[in-house]
Every structure is written in C-alpha cells, then in structure tokens.
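To keep things clear, I will list the structure first and then write my remarks on it.
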Amino acid sequence: MLFRSGIMEDFFKLKEHGTNVKTEVVAGITTFLSMVYILAVNPSILSATGMDPRAIFTATCVASAAGTLMMAFLANYPIALSSGMGLNAYFAFEVCSRLAQQGIQDPYRVALAAVFVEGIIFIILSFFKFRETLVNEVPKNLKLGITVGIGLFITLVGFKGAGIVAANKDTLVSLGSVKSPQLVLAFVGLLFIAVLHHYKIKGSILWGILLTWGLGIIAEKAGWYVVDVQNQVFSLIPDFKHGLVPAAPHVAAFDFSFIANNFISFMVVVFSFLFVDLFDTVGTVIGVAHKGNLLDKDGKLPKVGRVLLADALGTCFGAVMGTSTVTSYVESSAGVAQGGRTGLTSVVTAVLFIASLVLSPIFVAIPAFAVAPALIFVGLLMMGAVTHMDLSDDAAGMVSGFLAIVMMPFTYSIANGIMFGLLAFIIIRVFQKKAREIHPVMWVSGAANADRKSVV
C-alpha cells in the first residue's frame, strides 16, 4: 500500500521526472546502503563523549529518517540526511574534549545545545533566502568544479574504506596491502558494478555492494578475512546477541547553563558548526543536483529554499534526539546514479533507517570495503561534469573551479574545496576590476570562509 504507483505518481510526480516506483525504490535502497556506515561510525565517535553508544545509534536512525522525510515531502528531492562526518568528529574530539578539560560535566549536553542553536540560525537564514541565493549565485565553473571535487572526494573515501589507499609518513598516501581481502574484494565489487553498468542492469551499484559483502562473509568463513576487533576489523556476519529492541536516545539533553558565563566561547562553537555545515550542505546539494539533472536551464536549483530548510530542520531535530549535526549526504549521489529523481527515493531511504532500529545487527555488519565499490563508481560518474567546464573561461571561473576539484580530496573536506574556490573567484574578480559583478552573498560567504579556520 505504501508504494502504490498511483499514489506515488500523484504526490511525487514520477512521470514528470522521468522515473517510476521500481527505479525510485532501488535508488533509495542504494543511497541507504551507501551511507549505512554512519550507523556504525557515529556511535563509535560520539561515545567518546560519555554518551551511550546504543542511544546514539537510535538517535542516528531516527534523526536520519526524520530529516530525510522532511527532504522528501518539503522539497521532493532524492537527498538523504544523517549525522555529518567531520562534524561528529569536531563535536566529540574538539568541542567536548575541550569542555571536559574545563571541568564541565557531561560536555555533550553543551555541544548538543550548540548544534540546536546552529539549526535555529540555519532556519532563520533559510527564511531570508541567504543559502538559496548562495546556491544559485555560485558561478557555473565553480558549480561544476564542486561536482567533480565531490566525485574525487567520495572516491577517496571509498579507497580509504577498502584499504586501497593507506597513510604513508614519507609520501602522505600509498597503495595499501594488495594481499588484504578488503582490497581484493572491493576491487572485484567495482569490476562487477562496471560490467553490470555496461549491460545497463538496473540496481548495478546495489548489487555490487551486496556481492562484495557476500564474498566477504565467504572469506571470513574460509579464514581469509580474519576478525580482529582490537584493530577495527569486525565480523561481517550479523550478531543478534544484543536483541532487537532499540535503546532510548538522549532526548533534549541540552545544557544551556554554560552560556551564562561563557557566551563568547559558546557562540564560537555554534559558528564553527554553522560554517562547516553551511558549505558542506551547499556543496552536496549542488553536486547531487547536477548529477541528477535537477538544475534548470539557468543552472539554478528549483525549490532550493525548501531543500535547505529541510536540512536546517533536520539539524534541530537531530540535536533534540541526541546526535551531532544532521546534514545532506553526498552519498545521495549513489541513489541518483541509480535513477533516483524524486522524494520517493528519500522516503525509501528513510523507511530503511527506521527498519534498521530493529535490524541493526544486519546493517551494522555491512563493512566499509563493501560500500567502497559504490562510492568509487559514483565518483567516476560525477567526474563527467568536468567535460562541461569551460577551461577557456576567464581566470576567476577557471581557477575557482580547479581549486574546488583538487582541494576537496587533497584536504579531505568538501567545505575546504568550496572555501578555496570562493576566495579565488572573489580575489581574482577584484583584480580584474569586476568587483561589482560579485553578488553580496558571495562576499559574505567568502568572508565567512576566510575566517572559518580561525574560528575552528
């Protein structure tokens, strides 16, 4: 009943967007499996603050589902939301760690309060169309550069998750162990996706994830994949020993008392979250929208205000539930690559987040190396945007787009790529004596980015 074609067509306008229920369902599943790692990673990171990891798991599931449903029904876009990577690490290892050093009991309560305030500010900015204007006023070459940069970024995430790329003190990065089952199986999964894609098999990315996971289970049973919990190598076989009943989350666990004597310090934290979230969201929205051909003929995203409002509401709801900043996920591009074009894709993803509350042993068992082939292949597809870049463009557009491309993977940050791209565009425009052509929102964004690192 939930996915009856008639109802879905009327609400999500599937035919208008060139899609159907089956395609949207497959896309939603693909998006979910591409970002399901957050259900394992987020509790691991945030539990360092003293929070109950099972409570964090519940909060992550519920907040992800709620934020994604807001995106589906407010904007009708195939964009999923969850606790942002990077932001959760800043939450735990910077904010909470420093608060704990100051003698603050349960520092996560202060950090959650900061995230909630950040969300409120985002909502206000959405009503004033600040973020909407920013998305639409980003130059074409920079938009395309952001798309390509995100492609390279998620490719690097996939490489890292599969152990294909490893840290090296001399060269920064190097090839991982070619004998490791993670690397071998991820490579097999990538080739499998490529072959299915060649023959235009629907759900190729999803099948690639499942095949890689299945081969991993066989490898574990055969003794090739060796479980080593101490070194973060976990069993690939679902473990139901803790039961299926989800733990209660830390609902509205805010501590605003800190603000009374530490207002400036508190607002520094708030704006640190704000700036990183702002530009991560903008970059993700632009990248996913371009990949899904959701931009109009002028390169602008229809209903972008609703997209950004859904993101802001997701942040507030996530804080109430007891998790770090909820934001739009770049992994949504995996579902878009599978044909997802409407909010129905997001609905499917949200339903799976809710289902994961009772099926958490299954979802948590999907390893990073099984998701890696999907991320790498989607990265490849997003690279196609580079063919639409005008490299004969003036220096401002050319350099800004290039910096967005290279700074995202090389600094392991979408926000950094946008920061360097924006600043380069503005500075070069000034020297070209074309400062008047720069929209005021671009000036504000550039100034915010220039100060972001000093704030953090």
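The values are calculated or read from the model by the stated rules, or taken from the named source; none is laboratory data. All values derive from a computational prediction rather than experimental measurement. Glycine gets a Cβ as well: all are built from the backbone with ideal geometry, and neighbour counts include every protein chain shown.
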Wholly enclosed helices (runs of 4 or more DSSP H) of region 390-456 bearing at least 1 residues modelled with pLDDT under 85, in contact with a Ser or Thr (Cβ under 8 Å, 6 or more places away or on another chain) and β-branched (V, I, T)
414-431, 440-455
Reported set for region 199-244 where residues are more than 16 Å from V184 (Cα to Cα) and among the β-branched types (V, I, T) is I201, I205, V227, V229, I237
Considering only residues of region 338-361 that are of a type in the set (A, V, I, L, M, F, W, C), in contact (Cβ under 8 Å) with a residue 24 or more places away in the chain and part of a helix (DSSP H, G or I), which is surrounded by the fewest Cβ atoms within 10 Å (Cβ to Cβ)?
I354
Pairs, first within 20 Å of A63 (Cβ to Cβ) in region 88-106, second assigned to a helix (DSSP H, G or I) and not hydrophobic (A, V, I, L, M, F, W, C), C-beta under 6 Å, six or more apart
N88/N42; A92/T49; C96/T49; C96/P107; C96/Y108
Can you tell me which residue is surrounded by the fewest Cβ atoms within 10 Å (Cβ to Cβ) among those in region 248-260 that are among the small types (G, A, S) and over 26 Å from A355 (Cβ atoms)?
A260
Can you give me the number of residues within region 248-266 that are modelled with pLDDT of 85 or more and not in a loop (DSSP other than H, G, I, E, B)?
5
With the condition being polar (S, T, N, Q) and crowded, with 19+ Cβ neighbours inside 10 Å, I'd like the helices (runs of 4 or more DSSP H) fully within region 132-247 carrying at least 2 qualifying residues.
140-162, 204-222
From the residues in region 130-163 that are in contact with a helix residue (DSSP H, G or I) (Cβ under 6 Å, 6 or more places away or on another chain) and of a type in the set (D, E, K, R), which one is farthest from H439 (Cα to Cα)?
K143
